[in-house]
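J.: One structure is given below, represented as structure tokens, and several questions about it will come after.
What follows is calculated from the coordinates using simple rules that are stated; it is not laboratory data. Just so it is clear, the structure is predicted and the values come from calculations on it, not from any experiment. With ideal geometry, Cβ positions are generated from the backbone for all residues, glycine too; neighbour counts draw on all protein chains shown.
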Amino acid sequence: MYAPNQQLINKNIREERFKSILSFLTVIIFFPALMIILWLLIKGGPALSWEFIFSSPTKGMTAGGIFPAIVGTLWLVGLCVIISCPLGVLAAIYLSEYAKDNHTTRIIRLCILNLAGVPSIVHALFGLGAFVLFLRMGTSILAASCTLAVMNLPVIITSTLESLQAVPRSFREASWSVGASKLQTIRHIVLPNSIPGILTGMVFAVSRAAGETAAILFTGVAFYLPFLPMNVFDQCMSLSMHLFTISTQVVGVPDSYSYATALVLISMVLVVNTLSVAMRWYFRSRRKW
Amino acid sequence: MKKKIEIQNLHVSHGSKWAVENLNFDVYENEILAIIGPANAGKSTLLKSINRMTDFSDGTRVKGTIKLDGEDIHAFADSTWLRQKIGMVSPLPVGLPMSIIDNVTYAPRMAGMKDKITLMERAEDCLRKAALWDEVKDRLDGLATKLSGGQQQRLTIARALSHRPEVLLLDEFSIAIDPVTTMKIEDVLLELKKDMTIVCVTNVIHQARRLGDRTAMMLEGHLLDIDSNQRIFSGQVNDRRTHDYIEGVFG
């Protein structure tokens, strides 16, 4: 009869040990995320109400609601998406499908990677110089959204590039070899099969933009505005900035107000992220190869 | 006989070394030219430069002239028109990530054909020629990427025929197909050469003997021999190595 030798038993023990370490680490990662949400719910939940969401701050921002900040965040993020997504996707298509692999494109790729590492406060200064002053946009939603867009471009380009490169080259070659042009191949073969990844990248960029504070600091966000923005040249409030203001700059704000604001912000981001995960599941189930 | 493809002083390199060096030969209209030779002989590179798939690989250089119907294929920067006239089957079969029917109608649709009935007829005709129709006729809407390797290879043959090319380039079209089906497709090819010119790279020497009107022997980027099958396979060759390769005493 076959009896497992000592070496094999030791190997199995090591295997088990390694597996339990990995699962422990996973729990550690999961734990803070769960705690943050629980904490916010406990501390901010009681202050949360329809009135809190749908009314303006009053009494020097120590009471009332956060409606202008929610609207402002939606404006900023929406405009940022409109600006950065087409630009980013088109740039990625060029880099992936048309650009030859030479020094110029390698430098461009390097720049994109570096741009992703620039701290957001630097982006804010750039936005102040380039959009607010040089392009004379003034401190406005437009300038802030452009700054956010510049910050998000590398994220979108990188994720789109990855999705495009995930479509095997053999599909492209098969398409070219029967007389389809490059554009037709992109339209009928490459894009339909990379859309899931591209969309996921976009959604990720959206949630990043929603939480960004520093980049919009000098470019279009006000501490407190008693009215809602009417067009892209107005200033606006934003949730992240409002949170920063009421937690550090204003005296006498009830704790629960800050926590409730954070809860609203995080819920918005979570909804968007959940959407992205759902989308990925849906598309993965329809994968064609 | 009318010359369909003329190849003059063709050099192709991927990087520093020539993969194909100084090729000079013609392919006549309505013939099947078989190309044999060991690995790394430049057979596939030759095929890819005939339909300018070489355009798509960075670092591939093509020197020399290739003419199709007397016209230089490098006359225009764009090469899509060329591949609309030339069908190609590559050795690793690739079903496009779409349904079987969409695969076979892809080329004509990209060329601008819209009529559904004509497309269906064309698809059935091509699938029958590739000996695949009976196996897939009940699941034309199924994904092509889910077909077996041999089925995908026959699908690529059907796709290569679907835009009614004047020239068909076959690169080891039968490596994943069983002998019986291979024979069926070979019969179809013999039938097809009434309407088109076929260049067939093969590792199966018997296939070259059965199928070809003429056979070319390539070795390390050079053309050793090109002659009628009658002469090549009866030992009347220019180069001793061709004879050795055919007889299997190579190396």
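J.: Taking the 0 to 90 degree range and rounding to the nearest ten, how far is the long axis of helix B:116-129 tilted relative to the main principal axis of chain B, both from C-alpha atoms?
T.: Tilt of helix B:116-129: around 50 degrees.
J.: Long-range amide H contacts for B:Lys4: which residues qualify at under 5 Å (H placed 1.01 Å from N, peptide plane, sequence gap of 5 or more or a different chain)?
T.: It is B:Val27, B:Tyr28, B:Glu29, by chain and number.
J.: Using the Cα atoms as the points, what is the convex hull volume per residue of segment A:77-285 in Å³?
T.: Given the Cα convex hull of segment A:77-285, per-residue volume reads 138 Å³.
J.: What does the extension gain come out to for B:His74 and B:Met1, with contour length at 0.36 nm per residue minus their alpha carbon separation?
T.: Roughly 23.9 nm would be gained on extension.
J.: To continue, here is another question. Helix B:179-192: angle to the longest alpha-carbon principal axis of chain B, degrees 0 to 90, nearest 10?
T.: Rounded to the nearest ten degrees, it is 90.
J.: What is the protein assembly as shown by shape, rounded, prolate or oblate, if you read a ≥ b ≥ c off the alpha carbon gyration tensor as root eigenvalues and call it rounded for a/c under 1.5, prolate for a/b larger than b/c, and oblate otherwise?
T.: prolate
J.: Could you compute the net charge surrounding B:Phe56? Neighbours are other residues with a C-beta less than 15 Å from the C-beta of B:Phe56; K and R count +1, D and E count -1.
T.: Charge balance in the 15 Å sphere: +2.
J.: For segment B:23-78, run through the GluC sites (Glu not before Pro) and keep only the ones in DSSP coil with at most 10 other Cβ atoms within 10 Å of their Cβ.
T.: In loop regions of segment B:23-78 (DSSP not H, G, I, E or B), there are no sparsely surrounded GluC sites (Glu not before Pro).
J.: Hey, another quick one. Normalised by the number of residues in segment A:77-285, what is the relative contact order in percent for Cα pairs under 8 Å and 6+ residues apart?
T.: Relative contact order for segment A:77-285 comes out at 26 percent.
J.: Give the relative contact order (percent, whole number) for segment A:1-126; include only Cα pairs under 8 Å separated by 6+ residues.
T.: Normalised by residue count, the contact order of segment A:1-126 is 8 percent.
J.: Between A:Asn12 and A:Asn273, what FRET efficiency follows from the Cβ-Cβ distance if R0 is 35 Å, with the result rounded to 0.05?
T.: My answer for the efficiency is 0.35.
J.: Would you mind telling me which residue in B:His222, B:His163, B:His74 has the biggest mean-square fluctuation in a Gaussian network model of chain B, where springs connect alpha carbons within a distance under 10 angstrom?
T.: Its mean-square fluctuation being the largest, the pick is B:His74.
J.: From the alpha carbon gyration tensor of segment A:1-43, can you work out the equivalent ellipsoid semi-axes (sqrt of 5 times each eigenvalue) and give them in Å, largest to smallest?
T.: In descending order, the three semi-axes are 41, 7, 4 Å.
J.: I've got another one for you. Using the basic label-point model (7 angstrom from Cα toward the beta carbon), what is the B:Lys63 to B:Asp125 distance in nanometres?
T.: 4.3 nm
J.: Then there is this: Excluding A:Ala69 itself, what net charge comes from residues whose Cβ is under 15 Å from its Cβ, given Lys and Arg +1 and Asp and Glu -1?
T.: Taking every other residue near A:Ala69 into account, the sum is -3.
J.: Another question, if that's okay. Please report, ordered by residue number, every helix of chain A (full DSSP H runs) that is 20 Å or longer along its axis going by C-alpha atoms and whose mean Kyte-Doolittle hydropathy reaches 0.5.
T.: A:6-44, A:67-93, A:103-117, A:141-165, A:191-211, A:255-285
J.: Which angle from 0 to 90°, rounded to the nearest 10, does the C-alpha axis of helix B:149-161 make with the longest principal axis of chain B?
T.: Between the helix axis and the principal axis of chain B, the angle is about 90 degrees.
J.: GNM, chain A, Cα, under 10 Å: largest mean-square fluctuation among A:Ile107, A:Ile198, A:Ile157?
T.: Result for chain A, Cα springs under 10 Å: A:Ile107 fluctuates most.
J.: For chain B, what does the alpha-carbon gyration tensor say about shape, rounded, prolate or oblate, given a ≥ b ≥ c as the root eigenvalues, a/c under 1.5 as rounded, and a/b over b/c as prolate?
T.: Prolate is the answer for chain B, as a/c is 1.5 or above and a/b outweighs b/c.
J.: Could you compute the FRET efficiency for A:Leu228 and A:Ile195, with r as their C-beta to C-beta distance and R0 at 45 Å, rounded to 0.05?
T.: Efficiency for this residue pair is about 0.85.
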